[in-house]
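Student: One structure, as structure tokens, below. Some questions next.
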Amino acid sequence: MKVISNNKKVFFDYFVSNLVEAGIVLEGCEVKSIRNGGASLIDSFVVIKNGEAVLKNAYIATYDKTTSFKPDERRDRKLLLNKSEILKLQRLAKEKGFTLVATKLYINDRGKVKVEIGLAKGKKLYDKRATLKEKQIKKDLQRLS
């Protein structure tokens, strides 16, 4: 598995649970761009509308060697999930304070581009401070050993 883009900000700003792997519908030149590392999930999120999961605001750079067809870099992209998974995520996301976010974009062992999405609930300021404190403690312990 080759990780292309990690959304670290999500884990700082949200409590993330219920991670699900989803396929993504891409154009040919977008796949080449992802393989070159031209993708970012910062500020991306998932919306479920008309029974389909859609990834919004994900950045995939245009492949520079393409001449004829260049899709929009921040266009909406359909996610490939089973209907039962979509209904489950939709039911969980309707609860107050929950949203669906993209946490990781990677290429699996069979060469397919996958997106890991998770159910997220916002953190308060004191939760973020606790997270920073834990991170600093781990870093200090690792430095000592």
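The values are calculated or read from the model by the stated rules, or taken from the named source; none is laboratory data. Bear in mind the structure is a predicted one, so any value in this text is a computation, not a measurement. Backbone-built Cβ (ideal geometry, glycine too); neighbour counts: all protein chains shown.
Student: Which residue is farthest from LYS128 (Cα to Cα), if the candidates are limited to region 1-13 and must be part of a strand (DSSP E or B) and over 11 Å from the mean Cα position of the chain (by Cα)?
Tutor: Of everything passing the filter in region 1-13, LYS2 is farthest from LYS128 (Cα to Cα).
Student: Still on this structure, I have one more. Mind listing just one residue for me: the one in region 15-50 that is of a type in the set (Val, Ile, Thr) and in contact (Cβ under 8 Å) with a residue 60 or more places away in the chain and, of those, farthest from GLU116 (Cα to Cα)?
Tutor: VAL31
Student: Suppose the filter is at pLDDT 90 or above, part of a strand (DSSP E or B) and not aliphatic (A, V, I, L, M); does LYS88 pass it?
Tutor: Spelling it out, it is not the case that LYS88 is at pLDDT 90 or above, part of a strand (DSSP E or B) and not aliphatic (A, V, I, L, M).
Student: Can you report the number of residues in region 100-126 which are exposed (fewer than 15 other Cβ atoms within 10 Å of the Cβ) and within 20 Å of ASN7 (Cα to Cα)?
Tutor: Here the count works out to 6.
Student: Please specify each residue of region 14-70 satisfying the condition of being of a type in the set (Val, Ile, Thr) and either in a strand (DSSP E or B) or touching a His at 6+ places or on another chain (Cβ under 8 Å) (or both).
Tutor: Those that are of a type in the set (Val, Ile, Thr) and either in a strand (DSSP E or B) or touching a His at 6+ places or on another chain (Cβ under 8 Å) (or both): VAL16, VAL20, ILE24, VAL46, VAL47, ILE48, VAL54, ILE60.
Student: For a quick check of your reading of the model, give me the residue pairs whose first member lies in region 51-77 and is more than 13 Å from ALA39 (Cα to Cα), whose second is at pLDDT below 90 and among the polar types (S, T, N, Q), with beta-carbon atoms closer than 7 Å and at least 6 apart or on different chains.
Tutor: Matching pairs, first to second residue: LYS70/THR62.
Student: With respect to ALA130, determine if the residue is surrounded by 15 or more Cβ atoms within 10 Å (Cβ to Cβ), among the small types (Gly, Ala, Ser) and under 24 Å from SER17 (Cβ atoms).
Tutor: no
Student: Let me ask something else. Quick one: in region 102-135, which of the residues that are small (Gly, Ala, Ser) and in a strand (DSSP E or B) is modelled with the lowest pLDDT?
Tutor: GLY122
Student: Looking at region 52-77, which of the residues that are touching a Lys or Arg at 6+ places or on another chain (Cβ under 7 Å) and either closer than 28 Å to VAL16 by Cβ or polar (S, T, N, Q) (or both) is modelled with the lowest pLDDT?
Tutor: Restricting to residues being touching a Lys or Arg at 6+ places or on another chain (Cβ under 7 Å) and either closer than 28 Å to VAL16 by Cβ or polar (S, T, N, Q) (or both), the top hit is THR62.
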